[in-house]
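Structure first, commentary second.
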Amino acid sequence: MVSQRFLGKEIQVKVAGEVRQPVSFTLEGKEYTIAEIVAEWADHGFGSAPSGRQRWWMRHHRNYYQVRTTEGEVFEIYYDRGTSLKNTRYKKWYATRQLEAQKQPQDNASTDE
């Protein structure tokens, strides 16, 4: 089981590259530099809308990223693209949760010979 802390907060994100992936973000006044994108996926679901009332304009358009920072912290963040390509007011980044960082295996090789 992975320990986690729910965040649910809007964040400011810097992106780079042709694909415009996140390279750093600011959460609660602290800037985190992303060392690695561990996983990424898209959400085009309807959320909690009842199946009989789902309409195309109600779909989520979110790009999720699980990222590891240079300090070893792991976060789940996402970009909510909103429902309108022209209206940038709905296009925002959020930090969903902070995951417990996986400990890296240590080299236990003995220096005694």
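Modelled spin-label separation between Glu31 and Val19, with each label point placed 7 Å from Cα along the Cα-to-Cβ direction: 2.4 nm. In terms of packing, defined here as the mean over residues of other Cβ atoms within 10 angstrom, the peptides 69-77, 9-17 line up highest first as 69-77, 9-17.
Throughout, read-outs are computed from the coordinates displayed, never taken from laboratory work. Small disclaimer: the values here were computed from a predicted structure and weren't measured. FYI the Cβ positions are ideal-geometry reconstructions off the backbone, even for glycines, and counts take in every protein chain you see.
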